[in-house]
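The values are calculated or read from the model by the stated rules, or taken from the named source; none is laboratory data. Computed from a predicted structure; not experimentally measured. Reconstructed Cβ throughout: ideal geometry from the backbone, glycine too, with neighbour counts over all protein chains shown.
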Amino acid sequence: MVSRLLLVVLLVWQCTAIAEIYRTEDATGVHYSDQPTVGAKTVEVVDKVQRYRHQIKKVYDGDTIILANGERVRLLGVNTPEISSRYRKGEPGGKAAQAWMKAQLSGGEVYLEYDQEKRDKYDRLLAHVFLPTGEHINLGLVAEGHAVMSIIPPNVRYADDFLAVQQQAEKKGLGMWSIAIYKRREAKRVASHKFRGWRRYSAEANSITSSKRFYRLIISKKFDVRIPKENISHFPDLAIYLNKPLEIRGWVSRQKGRSSMLIRHPSAIVVNPAQ
């Protein structure tokens, strides 16, 4: 009996790696296995998400907090405007996002929920932040217009929720959606736009090319959208984007007289955007 219970526990904890668990019953008792047999019934297993309690030392900016143990946490799924520092100029909306975070986290206690990748290249923890009440802080930032969604696979949990609240914030003109510098602009003028932060451009892709690492939606001779091949499974058939009005959202990089926007998730491309 003990061994059977142990098997169940192990299978439950490993349910992300095992597609199905099967239950059979005979004269010797109840049996569980990851292999189907005649008469076996599928056991429904819930993949329980774990959250970890921490104390906060400081709210650094709108999407970064510092824990009491010194760890820096970058909030998953969102991006807020930068605040001013010795390294960069502040961006419109950055202080408002920081102030909202300080008010929300004034209790000093949070619960962190991790996704597939726990740390980024800067060794920061990547997490969804929850209050003891269960309020999802990442989602709240987007709902209030203090942040835009920024999904980077494989951390795609809550993507649909982010999209839903972002659409509402945009419709209501909350926060960043009311700030002039974040208004949609024409892609044909991208080279003349000096602001280096998050931007929105109206565009129309006329062709698709492929290289070793990227698919590219060609907007013009000097501007394209790069989609990493490692992320392509999250996208629909790219042909759906051709010869239609689009709004593309993200950060523009420039090299050798050419501009490009890196997009890793389809939430950053809006087809037939509202005027």
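Restricting attention to region 236-255, the residues that are among the polar types (S, T, N, Q) and loosely packed, with under 12 Cβ neighbours inside 10 Å total 2. The set of residues in region 161-198 that are part of a helix (DSSP H, G or I) and of a type in the set (Gly, Ala, Ser) comprises 164, 169, 175, 178, 180, 187, 191, 192. Scanning region 185-219 for residues that are modelled with pLDDT under 95, surrounded by fewer than 16 Cβ atoms within 10 Å (Cβ to Cβ) and either more than 30 Å from residue 90 (Cα to Cα) or in contact with a strand residue (DSSP E or B) (Cβ under 7 Å, 6 or more places away or on another chain) (or both) yields 186, 188, 191, 193. Consider region 220-235 and keep the residues that are at pLDDT 95 or above and of a type in the set (Lys, Arg). The one that is surrounded by the fewest Cβ atoms within 10 Å (Cβ to Cβ) is 229. A search for C-beta distances below 9 Å between a residue of region 168-194 that is farther than 16 Å from residue 248 by Cβ and any residue that is of a type in the set (A, V, I, L, M, F, W, C) and in a loop (DSSP other than H, G, I, E, B), counting only pairs 6+ apart in sequence or on different chains, returns 168/174; 171/274; 175/147; 176/147; 176/198; 181/195.
Can residue 146 be described as buried (at least 18 other Cβ atoms within 10 Å of the Cβ) and either out of contact with any Leu (no Cβ under 8 Å at 6 or more places or on another chain) or part of a loop (DSSP other than H, G, I, E, B) (or both)? Considered against the rule, which asks whether it is buried (at least 18 other Cβ atoms within 10 Å of the Cβ) and either out of contact with any Leu (no Cβ under 8 Å at 6 or more places or on another chain) or part of a loop (DSSP other than H, G, I, E, B) (or both), residue 146 comes out as yes. Among the residues of region 196-216, the ones that are within 13 Å of residue 259 (Cβ to Cβ) and not hydroxyl-bearing (Ser, Thr, Tyr) come to 4 in all.
Condition check for residue 133 on (1) exposed (fewer than 15 other Cβ atoms within 10 Å of the Cβ); (2) closer than 16 Å to residue 78 by Cβ: one failure, at (2).
Considering only region 223-269, state which residues are more than 19 Å from residue 190 (Cβ to Cβ) and β-branched (Val, Ile, Thr). Result: 232, 240. Looking at residue 38 and the list (1) within 23 Å of residue 117 (Cβ to Cβ); (2) surrounded by fewer than 15 Cβ atoms within 10 Å (Cβ to Cβ); (3) of a type in the set (A, V, I, L, M), which single condition is not satisfied? Going through (1) within 23 Å of residue 117 (Cβ to Cβ); (2) surrounded by fewer than 15 Cβ atoms within 10 Å (Cβ to Cβ); (3) of a type in the set (A, V, I, L, M) one by one, residue 38 breaks only (1).
Among the conditions (1) part of a loop (DSSP other than H, G, I, E, B); (2) touching a strand residue (DSSP E or B) at 6+ places or on another chain (Cβ under 6 Å); (3) within 26 Å of residue 156 (Cβ to Cβ), residue 83 misses just one, which is (3). Inspect region 202-218 for any residue being closer than 26 Å to residue 140 by Cβ and not in a loop (DSSP other than H, G, I, E, B) and give the result as yes or no. The answer is no, given that none of the residues of region 202-218 is closer than 26 Å to residue 140 by Cβ and not in a loop (DSSP other than H, G, I, E, B).
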